[in-house]
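Here's the structure we're looking at; comments come further down.
The values are calculated or read from the model by the stated rules, or taken from the named source; none is laboratory data. Here the structure is a predicted model, which means the values were calculated and not measured. Positions of Cβ are backbone-derived with ideal geometry, glycine not excepted, and every protein chain shown enters the neighbour counts. What goes into the accessible areas is simple: the full protein's heavy atoms, side chains included, and nothing from ligands, DNA or RNA. Shrake-Rupley method; radii C 1.70, N 1.55, O 1.52, S 1.80 Å.
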Amino acid sequence: MKIQKVGIVGAGNMGSGIAQKIAQEGIQVVMLDVENRFVQKGMENIKKTISEAVKRGILTKEQTEVILNRIRGTTNKDELKDADIVIEAVFEDIDVKKNLFKNLDNICSDKTIFGSNTSSFSITELASSVKRNDKFIGLHFFYHPAKNRLLEIIPGEDTSKETIYLANLFSRIIGKTAIHVKDLPGFAVNRFFVPWLNEATRILEEGIANVSTIDNIAKKVFKIGMGPFELMNVTGIPIAYHSTIGLAEKINDFYMSSGCLKKQFEKGELWNLNGDIDDTKVEIVKERLLGAVFTVASILVEERVSNIEDIDRGAKIGLRWRMGPFEMMNKYGIKKTYDIVRKFVKRYPMLKMPFVLKHHYENMEPWRFSYVDLETRDNIAKILINRPEAMNAINEDVIRQLDEQFTTANNNPDVKVILLEGAGKAFIAGADIQYFINKIKQNKIDDIFKFTKYGHSVINKIDASKKLVIAKLDGLALGGGAEIALAADTIIASNKGGIGFPETGIGIYPGLGGTQRTPRYIGKELAKYLIFTGKILDAKTALSIGLIEYVVPLDEMDSKISELINTGKILKKSIGREVRLSEDLQKIKEYFSDDNIETILSGKGDLNKLGHKISKTISYKAPIAIKLANKIIDQGISLSLNEGLEIELSHLEEIFSTRDALEGLNSMIMRKRPEFKSE
Ligand SMILES: NC(=O)c1ccc[n+]([C@@H]2O[C@H](COP(=O)([O-])OP(=O)(O)OC[C@H]3O[C@@H](n4cnc5c(N)ncnc54)[C@H](O)[C@@H]3O)[C@@H](O)[C@H]2O)c1
């Protein structure tokens, strides 16, 4: 099924933002409200947000025209009848929502999936208002839905597997990071976020600290831009108040609004954020706020509402906390965490020590995160690099887990095909830069070497596998991500896929086989072009030079993969495959010929238009890294792949010891242009 038209019901704060985001991603949207003036208000909201995006250089004026043309405002429900998905974002009133769905059930075609953006009602209950309860699912967006990447996907009791699959596909198409949540009150994020807000108001009510002290401590502890009171002033005290009441009704009194939150809601005034900050209150405020989060997050795992990775993702992506609750628990240590929670549950008789936390405490075990998931079905092992909050960047844990999961799949005699893919927007967008910086600063470059050598062994395992290994690129594959993908037998990309080697721009060279596999598949000249310039190729261009094998629209990827597997007719990576280059690429290839490389490296370059442009791009990269990459490519290409890889590894400590490497890596973190000094 293709997702070509989406209906949004309710053109308010959420509905208009959701409509905007979907249109931005190329899908036709019909936005419906009860009266034309509400539709117009929604359109005005969209125009305002889009014009801000233009001011900030995120969108061009031309793009905004195209986006706005994709959104049709209406008050006529019949216009939704052929929508592939209809998402409801009307008032938080169960009867309004149920009546609406009942009505839509009669109007919409059988294929239409229904999604609800409800924050507090049960999806199963809402689904009971329609006959197609198998095609009903919770799609909980976060404010502002055009900007916040988080989406909670909540299946009801009767939601079918196909609907869940389509919801996930839809989430990817519109650039969201989905977390999977059970249909229980507050889902995942609000369940701990609302008590966190409420706890802040209880601390205030008990006279422990004033608003500015609590906000200030919260900002430091959770590394956030706004404390709970300032945040409530921005997002609305009524929403916070109603959420506490809703959760308390459905769960227990722990979630009940404090008296002072209730009073503030009734007064209809914002919190007064002024006041002196009292630094002596840090410990007590910190323990209470952490207590609320640690306790509820552990309960969420106990109740299987979600897993630790998705709950952390919810906090980091949805709430923009620096760390998720479970990462924070590990940071404080399991003993301290246990003490904080023990004190917290003592304060509230309706809470109990969550047994999962007790178990971790008794075994003195930190929480262990899974970043690489393996699912095997019908002879196909799907390996998902699942760290979307960091664009699936590789680090020691990811590589180790990839090794473990790949080895399991590879050793399973029933598995015929291994599919590598990334969660969220990227396949794998490089490596953890901070890890490299830390190691350089600690004078432990040998650790970087060990990590890279281990990475080589894992990638070589992928390369040597007798199974059919397919890399599915429906997002960026950069640096280490490109290097992992190139070890697969075949790469299938969507039109959102892209591939490139940005390393020389941050002072290093591709160190996980990029200097060796790339020239073997596309020739030395184009490999040098990619590595020296850091150019990220879109999927079509990558296909045209033989770097990848297939490009299909995102929503056709899975069916294309099934077709390839079923027919067995698969184009595999091959050394020196014949390709027909475009005129521009042919010129680039000639420009990077052996005869011209010295000129390019000297920075003088050919001063024709192409040469000038390329020289300019290269002038922003690290000269030592480029020279080394050039040498390694030249030496490696005439040797066996293994010998070439050894050469690539042998210069690793040298490149990471340069000042330029530290400058480049730091600049990436600081988001500034590096100044390379060839040192
Ligand atoms: N505001 C948030 O931060 C947030 C976050 C996540 C989810 N939600 C949920 O999203 C939903 C909408 O919230 P909002 O903040 O956008 O509300 P809102 O009040 O801004 O907008 C609701 C819109 O729905 C329209 N509407 C009401 N009944 C309708 C009907 N029968 N048919 C068509 N349109 C109808 C109203 O005219 C209004 O324009 C709620 O369920 C809310 O719980 C809100």
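So the values come out like this:
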| quantity | calculated |
| --- | --- |
| Output for the range 205-229, where each listed residue is in a helix (DSSP H, G or I) and open to solvent by 60 Å² or more (accessible area, probe 1.4 Å) | GLU205, LYS219, LYS220 |
| Within the range 1-11, tally of residues that are in contact with a helix residue (DSSP H, G or I) (Cβ under 7 Å, 6 or more places away or on another chain) and either away from the ligand (no atom under 13 Å from the Cβ) or in a loop (DSSP other than H, G, I, E, B) (or both) | 5 |
| ALA477 outside any helix (DSSP H, G or I) and either within 20 Å of the chain's Cα centre (by Cα) or surrounded by fewer than 24 Cβ atoms within 10 Å (Cβ to Cβ) (or both) | yes |
| Any hit, the range 98-120, residues being farther than 30 Å from ALA248 by Cα, of a type outside the set (Lys, Arg) and within 11 Å of the ligand (Cβ to nearest atom) | yes |
| Some residue of the range 63-73 being closer than 30 Å to ILE245 by Cα and either in contact with a Cys (Cβ under 7 Å, 6 or more places away or on another chain) or not hydrophobic (A, V, I, L, M, F, W, C) (or both) | no |
| Set ASP95, ASP110, ASP78: member being free of Cβ contacts under 8 Å to residues at least 60 places away in the same chain, surrounded by fewer than 15 Cβ atoms within 10 Å (Cβ to Cβ) and not in a helix (DSSP H, G or I) | ASP110 |
| Matching entry among LYS21, LYS41 (being open to solvent by 10 Å² or more (accessible area, probe 1.4 Å) and either at pLDDT below 95 or more than 9 Å from the ligand (Cβ to nearest atom) (or both)) | LYS21 |
| Selected residue [within 13 Å of the ligand (Cβ to nearest atom) and more than 22 Å from PHE38 (Cβ to Cβ)] from ILE87, ILE94, ILE123 | ILE123 |
| Residues being among the charged types (D, E, K, R) and under 15 Å from TRP367 (Cβ atoms) - total across the range 292-347 | 10 |
| First in the range 33-46 and at positive phi, second anywhere and charged (D, E, K, R), Cβ under 7 Å, 6 or more apart | none |
| Failed item, numbered, when LEU59 is tested on (1) surrounded by fewer than 21 Cβ atoms within 10 Å (Cβ to Cβ); (2) in a loop (DSSP other than H, G, I, E, B); (3) within 15 Å of the ligand (Cβ to nearest atom) | (3) |
| In the range 137-181, residue farthest from SER51 (Cα to Cα) [restricted to those that are within 15 Å of the ligand (Cβ to nearest atom) and more than 19 Å from the chain's Cα centre (by Cα)] | ILE137 |
| Odd one out for VAL29, checked against (1) assigned to a helix (DSSP H, G or I); (2) within 16 Å of the ligand (Cβ to nearest atom); (3) open to solvent by less than 70 Å² (accessible area, probe 1.4 Å) | (1) |
| Entirely in the range 504-554, the helices (runs of 4 or more DSSP H) that have 3 or more residues that are among the aliphatic types (A, V, I, L, M) | 524-533, 539-544 |
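For every residue, the table says whether it meets (1) touching a helix residue (DSSP H, G or I) at 6+ places or on another chain (Cβ under 8 Å); (2) open to solvent by 40 Å² or more (accessible area, probe 1.4 Å); (3) among the basic types (Lys, Arg); (4) farther than 12 Å from PRO195 by Cα.
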{"position": "ALA248", "(1), (2), (3), (4)": "yes, no, no, no"}
{"position": "PHE265", "(1), (2), (3), (4)": "yes, yes, no, yes"}
{"position": "LEU273", "(1), (2), (3), (4)": "yes, yes, no, yes"}
{"position": "LYS286", "(1), (2), (3), (4)": "yes, no, yes, yes"}
{"position": "SER298", "(1), (2), (3), (4)": "yes, no, no, yes"}
{"position": "ARG304", "(1), (2), (3), (4)": "no, yes, yes, yes"}
{"position": "ASP312", "(1), (2), (3), (4)": "yes, no, no, yes"}
{"position": "ALA315", "(1), (2), (3), (4)": "yes, no, no, yes"}
